[in-house]
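Quick notes on the structure that follows.
The values are calculated or read from the model by the stated rules, or taken from the named source; none is laboratory data. In this text the structure is predicted, and so the values were computed from the model without any measurement. Here Cβ is always computed from backbone atoms with ideal geometry, including for glycine, and neighbour counts include all displayed protein chains. Accessible surface is based on the protein model in full, side chains and every heavy atom, while ligands, DNA and RNA are left aside. Shrake-Rupley method; radii C 1.70, N 1.55, O 1.52, S 1.80 Å.
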Amino acid sequence: MATSSGCADNIVLIGFMGAGKSTVGRALAKRTGRYFLDADALIETAQGKAIPSIFHDKGEAYFRELERESAKWLAECVRGSIVSTGGGMPTVVERLRDIGTVVYLKLPFEKILGRITPQERERRPLFHDPAHAERLFRAREPVYEKQAQIVVDADRDVETIVEEILSSVEN
Ligand code: S3P
């Protein structure tokens, strides 16, 4: 496992909504026998409500503060796990590598659009308007690139992505 990741022996998946962070994270966990933690799910559990309700009741700035808190907790308390982040976390947490080795699941916006079903759009307040989502995507790409220690082409089947991530973090 690479040690250039700061203190914790975690793998941290970043990327835009719909890039497959949770799916790949679960598969990585299954393949390695590690625990899988989804930062969005941690926030939802702690708040006792789903993300759309948090956005609706308290606003995006409040949600971003929760993301910063959860990132701090992950860096301080979690070891040896697979962590999936929300698509905006790399924009509000400066050094995700304090949590672990940062892996960017890279996928073109056109592919993301094809993957996000209307139901999934509903669960993502920032994807209600695809034109807005595309602007966000363009603004975030450089941030993902900057935070990433490993960049993976996410336009492949999950098993191939998992194997590439494992061979990259082990080298
Ligand atoms: C967000 C992405 C979502 C979730 C929230 C905000 C974003 O997570 O954190 O709706 O700003 O891109 P996913 O990337 O898992 O959809």
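Computed quantities for the displayed model
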quantity: Count of residues meeting criterion [aromatic (Phe, Trp, Tyr) and touching a Gly at 6+ places or on another chain (Cβ under 7 Å)] in region 104-147; calculated: 2
quantity: Pair list, Cβ under 8 Å, 6 or more apart: region 95-123 residue free of Cβ contacts under 8 Å to residues at least 12 places away in the same chain, other residue crowded, with 19+ Cβ neighbours inside 10 Å and small (Gly, Ala, Ser); calculated: none
quantity: Top-ranked residue in region 14-55 [being within 14 Å of the ligand (Cβ to nearest atom) and charged (D, E, K, R); ranked as surrounded by the fewest Cβ atoms within 10 Å (Cβ to Cβ)]; calculated: Lys49
quantity: In region 91-146, residue most open to solvent (accessible area, probe 1.4 Å) [restricted to those that are assigned to a loop (DSSP other than H, G, I, E, B) and within 25 Å of Asn10 (Cα to Cα)]; calculated: Glu94
quantity: Odd one out for Lys146 among (1) within 15 Å of the chain's Cα centre (by Cα); (2) within 23 Å of Ile51 (Cβ to Cβ); calculated: (2)
quantity: Check on Ala50, among the hydrophobic types (A, V, I, L, M, F, W, C) and within 20 Å of Arg123 (Cα to Cα); calculated: yes
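Rundown of residues vs (1) over 23 Å from Lys30 (Cβ atoms); (2) over 11 Å from the mean Cα position of the chain (by Cα); (3) of a type in the set (S, T, N, Q); (4) more than 10 Å from the ligand (Cβ to nearest atom), yes/no style:
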| site | (1), (2), (3), (4) |
| --- | --- |
| Asp57 | yes, yes, no, yes |
| Glu60 | yes, yes, no, no |
| Ala75 | yes, yes, no, yes |
| Glu94 | yes, yes, no, yes |
| Gly100 | no, yes, no, yes |
